[in-house]
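Please read the structure below before turning to the comments.
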Amino acid sequence: MNKIQQEIKFFHGKLEPILEKVLEQYNKKNTKKTYNTLTKPCRKLIQKCSYKSISDTSSLCSLAYWLYIYGDKELALEICEITHEVEFSFEFMGWNSGIQNIYGLEIRIARELLGENRRNNIPLNLLEYCFSKKVKKELRYPQVLREDKIADCSSRLLNTELLLALYNMIGLGETGLFTEINRNWEKIEEAINIYIDCLKED
């Protein structure tokens, strides 16, 4: 087993107990929506979660956000914090659904639960990602709200569009790195709360 394989195994070993806690909590009160957004991804990640896999880390990020949406901030924070143990690579994608969005969520939860400011914990390679031209072009107000995409999407894709908007608003907006986002934060905060309420609905 080489070094990367050992690191992947170590990361998965640290993550698995947290995933088991999520399963234990939601197996008792599963709805169709919580099954699809929490239970099913948890089972998949227990089987395999490589921090080198974009698919796995995107699923992990989504899981943390859904826990936050459902009000389980402590469990969501545990998932966010375990990502400190490894170094991820960040790639810009049009839908922006990768692990890079988990750091803004940690900043938000740490402020809400613990009164802590964790903006200084942003990894250097994430800072480089945030300051790339493609990301700066994407993260503008009011485009960050994705209102046009949400208005035009089908009901089947509504949850996906709302979640992608949260990734931008929380995942990157909470870093405080974007002047235009900071200037419009009050309006963005209002949108975050509205989108979360929509996503909670069955």
Residues that are surrounded by fewer than 12 Cβ atoms within 10 Å (Cβ to Cβ) and either in contact with an Asp or Glu (Cβ under 7 Å, 6 or more places away or on another chain) or not in a loop (DSSP other than H, G, I, E, B) (or both), drawn from the stretch 128-159: GLU128, LYS133, LYS137, ASP148, ALA151, ASP152, SER155, ARG156
Filter the stretch 127-161 down to the residues that are more than 26 Å from LEU199 (Cα to Cα) and touching a residue at least 40 places away in the same chain (Cβ under 8 Å) and list them by number. LEU127, CYS130, PHE131, SER132, LYS134, LYS136
Exclusive hit being surrounded by 13 or more Cβ atoms within 10 Å (Cβ to Cβ) and either at pLDDT 90 or above or of a type in the set (D, E, K, R) (or both), set ILE122, ILE109: ILE109
Selection within the stretch 160-195 - surrounded by fewer than 18 Cβ atoms within 10 Å (Cβ to Cβ) and either touching a helix residue (DSSP H, G or I) at 6+ places or on another chain (Cβ under 6 Å) or of a type in the set (Gly, Ala, Ser) (or both): GLY176
Say whether the condition of being out of contact with any helix residue (DSSP H, G or I) (no Cβ under 9 Å at 6 or more places or on another chain) and open to solvent by 60 Å² or more (accessible area, probe 1.4 Å) is met by at least one residue in the stretch 51-70. yes
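The values are calculated or read from the model by the stated rules, or taken from the named source; none is laboratory data. Given the structure is predicted, the values throughout are model-derived calculations rather than measurements. So basically every Cβ, Gly included, is an ideal-geometry build from the backbone, and we count neighbours across all protein chains shown. Only protein heavy atoms, including side chains, enter the accessible area calculation; ligands, DNA and RNA are left aside. Shrake-Rupley method; radii C 1.70, N 1.55, O 1.52, S 1.80 Å.
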